[in-house]
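Notes for the one structure printed next.
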Amino acid sequence: LFSNDANSKRLKSLVGNIQRMGVRNAVVTNYDGRIIPKVIGGFDRVLLDAPCSGLGVISKDPSVRLQKDEGDVQRCAALQKELILAAIDCVDANSKTGGVIAYSTCTICVEENEAVIDYALKKRHIKLLDPGFDFGVPGFARFRGKQFHPSVNLTRRFYPHVHNMDGFFVAKIKKLSNAKGPKPENQNAEAEEEEDEDEENEEEE
């Protein structure tokens, strides 16, 4: 188990929580999450609790809405897109026990949630999985004129006024290939060959 936090000031509490829980197989690291694929990879599973605007905690900390603006949301979204690609690249798609990435934030902003997942779907060969629970409401497949991949509704949203908890978002992702890009070149070639064969068969008939 590798536990990473980019903020060195939080490492002490991270180590304390690991010891308190009796975890004996953990390694604590202090890297910028965006460079971790260059340091180590081949993980079975990755949980990315992404840094975010924190707008989901307004119900318990109203000052957040006065401290954050649209610029903060956009900066967070840009960082989250880099981090989610790094998280995907860290995972081994051939893992017999995983190949799964969980993405979560404590914000309800679409730009930091569904838009980030949609971006990852376009950049890597992955698919969304059902999270395995009915709690929460489905994510948005479209929002204010923006159309996302239909499977984005497999993500889950949680609202303070509905679910009696902080605003939260979670997505469960399955990595389908270790090749970088939305789809491996060999699979594209195979698909083209199959299409050519189908066309030839139709002509013969």
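The values are calculated or read from the model by the stated rules, or taken from the named source; none is laboratory data. Quantities reported herein were computed from a predicted structural model and do not represent experimental measurements. Neighbour counts are summed over all protein chains in view; Cβ atoms, including those assigned to glycine, are modelled from backbone coordinates with ideal geometry. The area values use the complete protein model at the heavy-atom level, side chains included, leaving out ligands, DNA and RNA. Shrake-Rupley method; radii C 1.70, N 1.55, O 1.52, S 1.80 Å.
Placing +1 on each Lys and Arg Cβ and -1 on each Asp and Glu Cβ, with no other charges, gives the chain a dipole about its Cα centre of roughly 2480 debye. Cross-link check: pairs LYS9/LYS38; LYS9/LYS60; LYS9/LYS174; LYS38/LYS174; LYS38/LYS127 evaluated at a Cα-Cα cut-off of 30 Å; pairs beyond the cut-off: LYS9/LYS174. Near the amide H of PHE143, within less than 5 Å, lie the amide hydrogens of PHE148, all on another chain or at least 5 residues away, with H placed in the peptide plane. Dividing the mean sequence gap of close Cα pairs (under 8 Å, 6+ apart) by how many residues the chain holds gives a relative contact order of 20 percent. Here the chain exposes an accessible surface that is 48 percent carbon and sulfur, computed with a 1.4 Å probe and the other protein chains kept in place. For Kirkwood radius over Cα pairs in Å, computed directly from the structure shown, the correct entry in [x] 18.8; [y] 17.9; [z] 21.8 is [x]. Among residues other than TYR119 with Cβ under 13 Å from its Cβ, the summed charge is 0 (Lys and Arg +1, Asp and Glu -1). Using a cutoff of 8 angstrom between alpha carbon atoms and counting only pairs six or more residues apart, the relative contact order for the stretch 48-125 works out to 44 percent. Using θ = phi - 60° in the Karplus curve 6.51 cos²θ - 1.76 cosθ + 1.60, the 3J(HN,Hα) couplings for the stretch 17-30 round to 5, 5, 5, 4, 7, x, 7, 10, 10, 10, 10, 9, 10, 10 Hz; x is entered for Gly and Pro. Per-peptide packing, taken as the mean over residues of other Cβ atoms within 10 Å, places 163-169, 70-76, 80-86 in the sequence 80-86, 163-169, 70-76 from highest down.
Most tightly packed first, judged by the mean number of other beta-carbon atoms within 10 Å of their residues, the peptides 60-68, 37-45 read 37-45, 60-68. In this calculation the C-beta distance from LYS96 to GLU70 is compared with R0 = 30 Å, giving a FRET efficiency of 0.10. In the chain, the longest principal axis of the Cα atoms and the axis of helix 114-123 are about 40 degrees apart. For THR155, nonlocal amide neighbours, meaning residues 5 or more places apart or on other chains whose placed amide H falls under 5 Å from its own, are GLY139. Rounded, prolate or oblate: which fits the stretch 92-160 when a ≥ b ≥ c are the square roots of the eigenvalues of the alpha-carbon gyration tensor, with rounded for a/c under 1.5 and prolate only if a/b beats b/c? Oblate shape, in that a/c is at least 1.5 and b/c is the bigger or equal ratio.
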